[in-house]
Amino acid sequence: MVVEAIEYSRFGNEEDLDLLQIDSTALDVNQVRVEVHAVGLNPIDYKTFEGAKPLRFLSFITKLRKPSRWFESKSSLFPRGVGRDFSGVITEVGNEVTRFSVGDKVFGTMISDPGLGTKRGALATEICVNESEIVFKPEMIDMTHAATMGVAALTVGGAFRRIGLNSRDTVVISAAAGGIGSIAVQYAVAKGATVIGIASKKNSEYLKSLGAIPVAYEENISNALLSATPKPITKFLDCYGSDYVKLAFNLGLKGSQIGTLVPSPYVIIRGAQFTGPRHSTYDDFSTLAEMVSDGKVQLKIDQVYDFSLKSVREAYRSLKMGHSRGKKVVKVRE
């Protein structure tokens with residue numbers, strides 16, 4: 001069977017992406033074949049096809065831990081697929097799959113080692129994924145919204161687990177109006193924490209609607225954060241990178257209290273927690289799905305694109321510009 005998929009054969013920008021017809025992949029014994037309905041886009045997608053330096057750094061660290069990876073040739077990196085989050089319907093199951101059957105509606109994300117650890121991509125009409133990468137889609141969540149939950153579920157669940165978020169905390173979240181940040185805000189509020197969200201001034205009312213105390217990054221952030229609440233700041237989750245980890249240290253937090261989704265040598269040297277999916281568990285999928293089903297977390301769709309090369313390129317150009325509220329989704333089929 002022929003599958004349509006977005007792929008690339010060198011690191012670059014969205015103009016290096018192509019829509020190709022490829023042969024259907026053979027199914028492993030612990031995998032399921034999914035007819036893809038929608039794909040949620042994440043910043044990690046374009047950082048991967050750009051070959052971003054932080055991801056190359058993580059790949060280097062992975063090779064130190066797994067010496068056999070040093071013998072991989074550069075040509076073995078390509079071609080590579082694009083995207084991680086997806087929703088769809090199972091059309092085939094491997095011999096050792098126990099939890100799922102043909103016809104099940106699922107959502108999930110492609111999991112890999114940190115860095116450039118996988119060549120797989122969700123932007124395709126059909127994909128083969130591990131049983132451990134999917135969970136049943138709740139009936140009250142449509143395919144489009146379900147496609148936004150995979151990376152967010154593992155990222156937020158793993159990050160808050162790593163920094164030990166609890167109801168007594170006052171947590172600062174950077175990029176709080178974005179696709180991951182907005183879910184992190186609601187997740188923390190649902191857990192009973194006091195949340196301060198950093199975003200642009202125009203997103204202040206939006207953050208208030210999510211239950212956060214807004215702080216605009218256009219202001220003197222340190223002073224604004226310290227005066228935002230009478231409670232002391234006890235945790236920090238950086239969803240953006242740049243100098244936010246330094247800001248967290250300047251606020252007096254310890255490395256164990258600071259989580260970041262963006263790796264760098266500085267983060268590792270200072271002892272902050274590079275976190276996210278690497279500290280997640282399978283149950284994090286269901287936790288977010290239950291929060292959405294119960295109305296504790298709302299999934300905001302910024303824009304839906306069709307499954308064409310022109311639209312996918314446009315979607316990633318827009319995603320890189322930032323300032324989105326919620327997630328961008330590619331609808332592969334109705």
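The values are calculated or read from the model by the stated rules, or taken from the named source; none is laboratory data. Everything quoted here is computed from the prediction, not taken from an experiment. Using ideal geometry, Cβ is built from the backbone for each residue, glycine included, and neighbour counts are taken over all protein chains shown. Accessible surface areas use protein heavy atoms only, side chains included; no ligands, DNA or RNA. Shrake-Rupley method; radii C 1.70, N 1.55, O 1.52, S 1.80 Å.
If we count every other residue with Cβ under 12 angstrom of V82's Cβ, Lys/Arg +1 and Asp/Glu -1, where does the sum land? Mind showing how you got there, number by number?
Working: positive: K47, R80, R84, K119, R120, R313; negative: E7, E14, D16, D18, D45, E50, D85.
Net of charged neighbours comes to -1.
Counting only protein heavy atoms and using a 1.4 Å probe, the accessible area of K320 comes to about 70 Å². Put +1 on the Cβ of every Lys and Arg and -1 on every Asp and Glu Cβ in the range 152-278; which of N223, A176, A153 then has its Cα farthest towards the positive end of the dipole? Among N223, A176, A153, the one farthest towards the positive end of the dipole of the range 152-278 is A153. Applied to the range 215-225, the Karplus parametrisation 6.51 cos²θ - 1.76 cosθ + 1.60 on θ = phi - 60° returns per-residue 3J(HN,Hα) values of 10, 7, 6, 6, 8, 6, 4, 4, 5, 5, 5 Hz, with x for Gly and Pro. Checking every one of the chymotrypsin sites (Phe, Trp or Tyr not before Pro) in the range 85-137 against DSSP loop status and a limit of 12 other Cβ atoms within 10 Å picks out no site at all. Annotation: extensible slack from K119 through R333 equals 74.7 nm (criterion: 0.36 nm per residue apart, minus Cα-Cα distance). GNM on the chain, alpha-carbon springs under 10 angstrom: the most fluctuating residue among D284, D18, D243 is D243.
What percent does the relative contact order of the range 1-47 come to when contacts are Cα pairs within less than 8 Å and at least six residues apart? List each step's numbers first, then the result.
On the way: 34 pairs, mean separation 15.9, N = 47.
In percent, rounded to a whole number, it is 34.
Rounded to whole numbers, the Karplus 3J(HN,Hα) couplings from phi for the range 90-106 are 6, 10, 7, 10, x, 5, 9, 6, 10, 8, 10, 9, 4, x, 5, 8, 9 Hz, using 6.51 cos²θ - 1.76 cosθ + 1.60 with θ = phi - 60°, and x at Gly and Pro.
The Cβ shell under 14 Å around G192 holds other residues with a net charge of +4, Lys and Arg each +1, Asp and Glu each -1. Computed with a 1.4 Å probe over protein heavy atoms only, the accessible surface of the chain comes to 45 Å² per residue. Largest GNM mean-square fluctuation among M291, M149, M321, using the chain with Cα springs under 10 Å: M321. Over all other residues within a Cβ to Cβ distance under 13 Å of C128, the charged ones net out to -4, with Lys and Arg as +1 and Asp and Glu as -1. A simple spin-label model places the labels of R270 and D306 4.7 nm from each other, with each point 7 Å out along Cα-to-Cβ. Spin-label model, K201 to D16: label points 7 Å out along the Cα-to-beta-carbon direction sit 3.8 nm apart. Solvent-accessible surface of protein heavy atoms, probed at 1.4 angstrom with all chains present, puts T275, T125 in the order T125, T275, largest first. When the chain is treated as a GNM with alpha-carbon contacts under 10 Å, the residue of L299, L154, L41 showing the greatest mean-square fluctuation is L299. Among the listed pairs K254/K320; K208/K231; K231/K300, which have their C-alpha atoms separated by more than 20 angstrom in this model? Flagged as over cut-off: K254/K320; K231/K300.
Using 0.36 nm per residue, how much length does the chain from H323 to V102 gain when fully extended, once their Cα-Cα distance is taken away? Can you show the working numbers first?
Working: separation 221, 0.36 × 221 = 79.56 nm, distance 3.92 nm.
That pair, H323 and V102, stretches by 75.6 nm at full extension.
Per-atom-type breakdown for the chain gives carbon and sulfur 50% of the accessible area (1.4 Å probe, protein chains only).
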